[in-house]
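Worksheet for the structure shown next.
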Amino acid sequence: MVTDSQTPIAELARFASLLVAEVEKVIVGKREVIEKAILTLLCEGHLLLEDIPGVGKTTLAKSLAQAMGGEFRRIQFTPDLLPADITGASIFNQRTSEFEFRPGPIFGNVILADEVNRATPKTQSALLEAMEERQTSADGVSRTLPNPFFVIATQNSLDLTGTYPLPEAQLDRFFGRLSLGYPSKESEMRILEAQQSRNPIGDCQQVVDPEKFVQLQNWVREVHVSEAIRSYIVDIVAATRTSSQITTGASPRGSLHLMRAAQARAAMNGNNHVGPSDVKSVAPMVLAHRIQTRSDAKTHGLSAEQVIEHVIQGVPAPPVSK
């Protein structure tokens, strides 16, 4: 039980550690990905998972919802999916002779938008409004979505047939991009052992309620960011706009999200101020999907994340304050 003597940051760090531990019971050997997914949720952001099938994207979303006591909803995106299939629609009730609104699957706390790039741009825009405005519009009426509200969108990087690539404007609205990737041999052996007789997601317990989680999100903003760190963040983002390996750099929204992610990482580690290491750690996740790399970088097999890491190396970090 949290004592009155604990500071908000210490309390946040404690709950974050509990959340990571619970989700790690189900997602084996991917602690860093789990930590960054929870970090994204603490920042009130949305996550893009770009990965191969079968590595646990849906399980990650379910586990996060279960650990935070939120309602999980899954939307399978297909070419024939309509905006009303996401937001909901008004149905005529013959008994009352009135139209009644029936909420769509977007009305949840943790939303898995599976294979989001298979839907048409019109349907993607309905999701975009929900992500950006925290509300939906149907039949001329705007309806507020639950809080907390977290979208995990997935897209299969191997199968491009019949897909509609996400436009840059929509990509920029995702707080971060992650990839689970293949597990190590040891982790895969543990997965087989754990799931030999049952699904371990039943072992994932609720450690915080949604109302408390909203308070944790508010506390992230209280982490101190010095002028030197803000300047460092701006310099990194500016460097993406002038790098010889990048054609299109990150937007000012990238700067804001990078600062917020660094605040959350510091808080999760029990620190009440942001250091250069916090910025460096989260920059690839926050910035890689916001840039366009040159063809020669792709020719040499460099991912966008690796390009961002190279950019960071060229930006002097401020001294760590004592």
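List of remarks:
- Residues being in a loop (DSSP other than H, G, I, E, B) and either small (Gly, Ala, Ser) or touching a Leu at 6+ places or on another chain (Cβ under 9 Å) (or both) - total across the stretch 275-322: 6
- Lone qualifier among Val282, Val307, Val274 - being over 22 Å from Leu41 (Cβ atoms) and aliphatic (A, V, I, L, M): Val307
- Of all the criteria given as (1) within 28 Å of Asp278 (Cα to Cα); (2) surrounded by fewer than 16 Cβ atoms within 10 Å (Cβ to Cβ); (3) free of Cβ contacts under 8 Å to residues at least 12 places away in the same chain, the one not satisfied by Glu24 is (2).
- The stretch 244-263 - residue that is in contact with a strand residue (DSSP E or B) (Cβ under 9 Å, 6 or more places away or on another chain) and crowded, with 19+ Cβ neighbours inside 10 Å and, of those, nearest to Ala288 (Cα to Cα): Ile246
- The stretch 276-310 - residue that is of a type in the set (A, V, I, L, M) and more than 18 Å from Leu256 (Cβ to Cβ) and, of those, surrounded by the fewest Cβ atoms within 10 Å (Cβ to Cβ): Leu302
- Members of the stretch 49-84 that are under 19 Å from Ile38 (Cβ atoms) and of a type in the set (Gly, Ala, Ser): Gly56, Ala61, Ser63, Ala65, Ala67, Gly69, Gly70
- In a residue-by-residue description of the stretch 170-179, the property of being in a helix (DSSP H, G or I) and exposed (fewer than 13 other Cβ atoms within 10 Å of the Cβ) applies to no position.
- Exactly one residue out of Leu49, Leu82 is closer than 22 Å to Ala261 by Cβ and at pLDDT below 95: that is Leu49.
- Criterion (more than 20 Å from Ala169 (Cα to Cα), at pLDDT 95 or above and not assigned by TED's automatic domain parsing to the domain that holds Thr40) met by exactly one of Ala262, Ala283: Ala262
- Applying the condition of being touching a strand residue (DSSP E or B) at 6+ places or on another chain (Cβ under 9 Å), in a loop (DSSP other than H, G, I, E, B) and touching a residue at least 60 places away in the same chain (Cβ under 8 Å) to the stretch 201-242 and asking which residue is surrounded by the fewest Cβ atoms within 10 Å (Cβ to Cβ) yields Ser226.
- Matching residues, the stretch 1-59, being out of contact with any Leu (no Cβ under 7 Å at 6 or more places or on another chain), among the polar types (S, T, N, Q) and part of a helix (DSSP H, G or I): Ser17, Thr59
- Residue list for the stretch 69-119, filter: in contact with a Phe, Trp or Tyr (Cβ under 8 Å, 6 or more places away or on another chain) and either of a type in the set (Lys, Arg) or under 21 Å from Gly54 (Cα atoms) (or both): Arg73, Val110, Ile111, Leu112, Ala113, Asp114, Glu115, Val116, Asn117, Arg118, Ala119
Here's the yes/no breakdown for (1) buried (at least 22 other Cβ atoms within 10 Å of the Cβ); (2) of a type outside the set (Gly, Ala, Ser); (3) more than 17 Å from the chain's Cα centre (by Cα):
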position: Leu39; (1), (2), (3): yes, yes, no
position: Gly45; (1), (2), (3): no, no, no
position: Gly54; (1), (2), (3): no, no, yes
position: Arg74; (1), (2), (3): no, yes, no
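- Selection within the stretch 104-125 - surrounded by 22 or more Cβ atoms within 10 Å (Cβ to Cβ) and of a type in the set (A, V, I, L, M, F, W, C): Ile106, Val110, Ile111, Leu112, Ala113, Val116, Ala119
The values are calculated or read from the model by the stated rules, or taken from the named source; none is laboratory data. What you see is a predicted model; the values in this text were computed from it and never measured. In this analysis, Cβ positions are derived from the backbone assuming ideal geometry, glycine residues included, and neighbour counts consider all displayed protein chains.
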